[in-house]
Amino acid sequence: MRTLKDEIISLIHLEGPMPVERYMALCLGHPTLGYYMTRDPFGAEGDFITAPEISQMFGELIGLWAAQVWIDMGSPPGTGLVEIGPGRGTLMADALRAIHQAVPAMLSAIDVRMVETSPVLRARQQANLSGVDVAALWHADITMALHGPVIIIANELLDALPVRQVLRTEKGDIRRVVGLGATGELVFGFEANLRSADMPTAVLIEEPFAADILIEQVAAHLAQDGGAALFIDYGAEQGMEGDTLQAVRQHGFVDPLADPGLADLTTQVRFGRAMALARAAGARVQPLASQGDFLMQLGLAERAAVLKRRATSDRARAIDEAVSRLTRMDERGKSGAGMGALFKAMAFSHPSLEALPGFGPPAT
Ligand code: SAH
């Protein structure tokens, strides 16, 4: 069978070395051989676990976040609850269940818009939401979901969007590319032959052009039609020079060039850049929060206590473990243990929404 690696090698033979952003886009989104196009990668038996797959509490708290935002917006009818890159649909199913319990009137006032490029995951999401009593539509592109007031949620989406990598030198930018080595294997290189002595100040920069466009579209829409957006992902606010491209397969790091299309490829999100773009597009931007602080402010500990009251001792232990995994502040990389500090929550909104739940000043 022809693999994506065969396909990429013949493309390079035909056209020459390909820019990193094209490699990343093919690996994740090739229509028939791309990583997300062919599989459901989540969970213990898959390649990696995301927060909504760790615990139902994650989606429930985000549902309550959305409900509070909707109330703060003045409870407008016709609001779109939009999720971009919903994976298995677990987060949305948990969120809608929590909304149903806390603010039932909201469910008849909103419609759900799922933005997903993968047909496999779209089918999975449709099955997961088949029992819920709310109008839901699927779109392949965010622009289709941006009409009227919206509440937007995206977990681990931005890290999966392709980035351009360039070596920034005094004499201009040089693109990082994927080409063929002496034995015909995929290797990283640069568009120009480099003599490091010639460029003492050269530094590798990642330009998340696809995330930039998405953030600008969302922020401009919110500033015009109202609502708020919440992006949770791994990354930092400032100072992220260097190569952050990483590949994960079966819960471990692998060489990003080893098995194109068979491993998850991500880069760290540059939150400061995204926040500046959102502000420039007219949105009110909240200070960046760690995932740990965000979830605790939304009441993770209280929700865990409620669930534990009705739980067996095994189940209670699993709930404690989930809380710890979601909030613990040790940095062990994306597929490591503690997500509390490495992962961040970023939110912005129409300027009339002053505070957003979960982004208050840190508790003393
Ligand atoms: N939010 C889910 C899944 C994260 S993985 C969770 O937390 O479990 C990334 C998701 O984004 C997948 O569903 C993938 O198919 C989707 N995706 C990737 N690129 C996309 C794009 N440009 N537009 C919409 N969805 C995209």
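The values are calculated or read from the model by the stated rules, or taken from the named source; none is laboratory data. Fair warning: this is a prediction, and the values are worked out from it, not measured in the lab. Don't worry about glycine lacking a Cβ; one is built from the backbone with ideal geometry, like all the others, and counts go over all protein chains shown. Just so you know, the surface numbers come from the protein's heavy atoms only, side chains and all, with ligands and any DNA or RNA stripped out. Shrake-Rupley method; radii C 1.70, N 1.55, O 1.52, S 1.80 Å.
Quick look at the values:
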| item | result |
| --- | --- |
| Along principal axes, Cα extents of the chain, largest first, whole Å | 62, 44, 41 |
| Accessible area of the chain belonging to carbon and sulfur atoms, whole % at 1.4 Å probe | 53 |
| On Cα atoms only, tilt of 90-102 relative to the major axis of the chain in degrees | 20 |
| Rounded Å value of the spacing that divides the Cα centres of the range 254-276 and the range 21-37 | 12 |
| Average accessible area per residue (Å²) across the range 1-126 - probe 1.4 Å, nucleic acids and ligands excluded | 37 |
| When the convex hull of its Cα atoms is projected in every direction, mean area for the range 59-99 (nm²) | 2.8 |
| For peptides 118-131, 278-291, sequence by mean Cβ density within 10 Å, most packed first | 278-291, 118-131 |
| At 1.567 mPa s and 4 °C, Stokes diffusion of the range 169-264 via Kirkwood alpha-carbon radius, µm² per second | 76 |
| Accessible surface, per residue, of the range 244-316 when the full set of protein chains is kept, probe 1.4 Å, Å² | 46 |
| Dipole in debye (nearest 20) - the chain, about Cα centre, beta carbon charges: Lys, Arg +1; Asp, Glu -1 | 540 |
| Pairwise centroid distance, computed over Cα atoms, of the range 214-235 with the range 106-159, Å | 15 |
| P(r), alpha carbons of the range 226-290 - 5 Å bins starting at zero, rounded % | 4, 15, 21, 17, 15, 12, 9, 6, 1 |
| Cα-based equivalent ellipsoid of the range 220-359: semi-axis lengths in Å, sorted from largest, via gyration tensor | 28, 26, 12 |
| Angle in degrees between helix 271-280 and the longest Cα principal axis of the chain, rounded to the nearest 10 | 70 |
| Rg in Å to one decimal, and Dmax rounded to a whole Å, for the range 6-163 via C-alpha atoms | 17.5, 59 |
| Calculated SAXS-style log₁₀ I(q)/I(0) at q = 0.11 Å⁻¹ - the range 100-228, Debye, Cα scatterers | -0.63 |
| DSSP-assigned coil residues among trypsin sites (Lys or Arg not before Pro) in the range 144-252, each with at most 12 further Cβ atoms within 10 Å | K171, R195 |
